[in-house]
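In what follows, a single structure is set out as structure tokens and then discussed.
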Amino acid sequence: MDQAPLSVENMDGNVEYQCTATGSKAGYVLSNVAEVVERILTFVPTKSLLRTACVCRLWRNCARRVLRTQQRVTWVSSTGSGSGEGHVLCKNLVEEVENIYLLPQTVLLMVDSETINGQDCCYRQKKARKADSVDPAEELSMLFPRGCEILGIATPGVVLTPSGSCSSMPQEHQDGEAGFALMFPSIDGVTIRPFHFCKQSLSQTALEDAGLVGNPDLRVVLLFGYEAFKSGAARFLNKVLEPLAQSSALIAGGHVENVFTHSRECCGRGSYGVVGLALSGSRIQGASVLLDQDVSSEKSAEAAIQRLKSANIPERNTLGFMFACVGRGHNYYSGKRNVEADTFRKVFPNTPLFGFFGNGEIGCDRIVTGNYTLTETDPDSLQHGYTTVMTLVHLG
């Protein structure tokens, strides 16, 4: 009669299997050969991996090493209809976040403002919430690890790359329900700091704490102003842009409808402000070009984006961002849709593209690499209308 293998825990906290001659040695291998365990765990999605790490010390150490290797940005994007059950992106994230292969540290979400605002989901104080309303910021925070920073932005239109492949065709959605969630893991040599400023919180100290001032490693700033048409909003934005304009960092973004994220007490509903991500680290490279108002044909759009190609930014682990005026898109190209997104993919076939159609654009022609030389600019030259800012961000 065959004997079942016996198991004991050794002094290191690992589970050792004492197999009989007729018993399987699989248990012993899975509990004692780190190389085998680690290889197997690379095929396990992160949420399941974290649960697996609780089995024993060996599996925990292997899981940690696997997580450290997962340094590629991933994303979930959605279009269509949420069928009255919230925004389609929020609905799909509940399912898709179970299958991702990284541990998110920072998440950038962009959704169409028509749908999300119709659900009373804009940036607001806790005391302003309806007692029976469901706050998507709170729901989203429950999907991601504790401490993960979530920046949610609502815009008139969304530019996204479908989930699954970097080479998927990017799409411009000026109408209808659409959104994406970009998930950034911890990346060696890269620091990503979300920031938020309103008239109550903006100060020199706050700019320094966000890494926007006095930070020699600052490389890229993605910056978004909300409620930009309120009185005082333009002057406020200039206070943020002035020190950045004198830096050697790449600045890109634009004006959005509003922001939904973890509630803050410093400003109330309807207040103007600025949010964004500050990316620092010597491994980061970036480049941007401005498609000015005279770029209104497929040929001129391709010529402008070819200037971006000349920056020689590596395509691996690189993201494309498109920040366009709501007045562009198919209306600007004689009714033809997806012109700029299609042109970007033609020039960069393996780089995913994300962004929005907004109420004004921030950026200029600029290259930030290891040995760049840039001239100073001023805040006014960073702000535009009826343009598109195309940007590449390489994360090393």
Original post:
Taking region 330-347, which residues are more than 13 Å from residue 161 (Cα to Cα), buried (at least 20 other Cβ atoms within 10 Å of the Cβ) and aliphatic (A, V, I, L, M)?
Top reply: 339
Original post:
Taking only pairs six or more apart or across chains, which ones have beta-carbon atoms under 7 Å, a first residue in region 199-214 that is surrounded by fewer than 17 Cβ atoms within 10 Å (Cβ to Cβ), and a second residue that is among the charged types (D, E, K, R)?
Top reply: 214/208
Original post:
Of all residues in region 219-233 being surrounded by 15 or more Cβ atoms within 10 Å (Cβ to Cβ) and of a type in the set (Gly, Ala, Ser), which is modelled with the highest pLDDT?
Top reply: 225
Subject >> Boolean, residue 167 is farther than 21 Å from residue 96 by Cα, in contact (Cβ under 8 Å) with a residue 60 or more places away in the chain and not in a strand (DSSP E or B) >> reply: no
Subject >> Given (1) in a helix (DSSP H, G or I); (2) modelled with pLDDT of 80 or more, number of the condition residue 105 does not satisfy >> reply: (1)
Subject >> Flag for residue 187 being buried (at least 17 other Cβ atoms within 10 Å of the Cβ) and closer than 23 Å to residue 69 by Cβ >> reply: yes
Original post:
Do any helices (runs of 4 or more DSSP H) lying entirely in region 25-94 carry at least 2 residues that are in contact with a Ser or Thr (Cβ under 9 Å, 6 or more places away or on another chain) and either at pLDDT below 75 or not acidic (Asp, Glu) (or both), and which ones are they?
Top reply: 26-32, 34-41, 57-69
**OP:** Count, please, the residues in region 279-303 that happen to be part of a strand (DSSP E or B) and among the acidic types (Asp, Glu).
**Re:** 0
Original post:
modelled with pLDDT of 85 or more and not assigned by TED's automatic domain parsing to the domain that holds residue 65, is that true of residue 200?
Top reply: no
Original post:
Could we say that residue 269 is modelled with pLDDT under 90 and either outside the structural domain of residue 225 (by TED's automatic domain parsing) or in contact with a Lys or Arg (Cβ under 7 Å, 6 or more places away or on another chain) (or both) here?
Top reply: yes
**OP:** Give region 277-329 a look and list any residue that's hydroxyl-bearing (Ser, Thr, Tyr), in contact with a strand residue (DSSP E or B) (Cβ under 7 Å, 6 or more places away or on another chain) and surrounded by fewer than 23 Cβ atoms within 10 Å (Cβ to Cβ), or say none.
**Re:** 280, 318
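The values are calculated or read from the model by the stated rules, or taken from the named source; none is laboratory data. Since we're looking at a predicted model, the values are computed, not measured. Ideal geometry is used to build each Cβ from the backbone, glycine not excepted, and the neighbour counts take in all protein chains shown.
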